[in-house]
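Worksheet for the structure shown next.
The values are calculated or read from the model by the stated rules, or taken from the named source; none is laboratory data. Given the structure is predicted, the values throughout are model-derived calculations rather than measurements. Positions of Cβ are backbone-derived with ideal geometry, glycine not excepted, and every protein chain shown enters the neighbour counts.
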Amino acid sequence: MLLAGINDNAHVIKKLNQMLLKIMVRPYYLLHVKPVKGTHHFRTPIETGMDIIKELRGSTSGLAIPTFVVNAPGGLGKIALNSECVAGEAGNRVILKTWEGKLIQYENPGPGS
């Protein structure tokens, strides 16, 4: 889980994931916090997670690089946040493509939200 003010930088995620690998746990997902009541203060902009993954790609083992995902609303499943799944932006929303090719709008908190 990507949490604002706790692990929202590449150095912390890299150290955490490397420690997980030492105990033979593969960090599979880095999950963006869902926009549900009581979690707003933990949410980061989607770009924060994408930037972390980009930085990890050049500085650690591939096994220590999770897939950054959002859990799409309405039971549409997890969406890997990469350049292929981010179809655009509309104000404070990001347009995402699901694994089925459906386009959805997902609330994207701004910097410092």
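The table below lists the values:
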item: Ala64 of a type in the set (A, V, I, L, M) and in contact with an Asp or Glu (Cβ under 8 Å, 6 or more places away or on another chain); result: no
item: Residue tally, condition in contact with a Ser or Thr (Cβ under 7 Å, 6 or more places away or on another chain) and within 21 Å of Val70 (Cβ to Cβ), over the stretch 3-16; result: 2
item: Residues (crowded, with 16+ Cβ neighbours inside 10 Å and in a loop (DSSP other than H, G, I, E, B)) located in the stretch 20-31; result: Pro27
item: Of all residues making up the stretch 70-80, the number that are out of contact with any His (no Cβ under 6 Å at 6 or more places or on another chain) and either under 21 Å from Val25 (Cβ atoms) or in a strand (DSSP E or B) (or both); result: 6
item: Selection status of Ala4, modelled with pLDDT of 95 or more, more than 14 Å from Leu56 (Cα to Cα) and buried (at least 17 other Cβ atoms within 10 Å of the Cβ); result: yes
item: Meets criteria (in contact with an Asp or Glu (Cβ under 9 Å, 6 or more places away or on another chain) and surrounded by 13 or more Cβ atoms within 10 Å (Cβ to Cβ)) for Lys34; result: no
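Yes or no, residue by residue, for (1) outside any loop (DSSP other than H, G, I, E, B); (2) in contact (Cβ under 8 Å) with a residue 40 or more places away in the chain; (3) out of contact with any strand residue (DSSP E or B) (no Cβ under 8 Å at 6 or more places or on another chain):
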residue	(1), (2), (3)
Phe68	yes, yes, no
Asn82	no, no, no
Leu96	yes, no, no
Gln105	yes, no, no
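For (1) touching a residue at least 12 places away in the same chain (Cβ under 8 Å); (2) over 23 Å from Gly110 (Cα atoms), each residue gets a yes or a no:
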site: His11; (1), (2): no, no
site: Met24; (1), (2): no, yes
site: Pro45; (1), (2): yes, no
site: Val86; (1), (2): yes, no
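Yes/no per residue for (1) of a type in the set (A, V, I, L, M, F, W, C); (2) under 27 Å from Ile23 (Cα atoms); (3) buried (at least 19 other Cβ atoms within 10 Å of the Cβ); (4) touching a Phe, Trp or Tyr at 6+ places or on another chain (Cβ under 7 Å):
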site	(1), (2), (3), (4)
Arg43	no, no, yes, no
Asp51	no, yes, no, no
Arg57	no, yes, no, no
Ser61	no, yes, no, no
Phe68	yes, yes, yes, no
Pro73	no, no, no, no
Trp99	yes, no, no, no
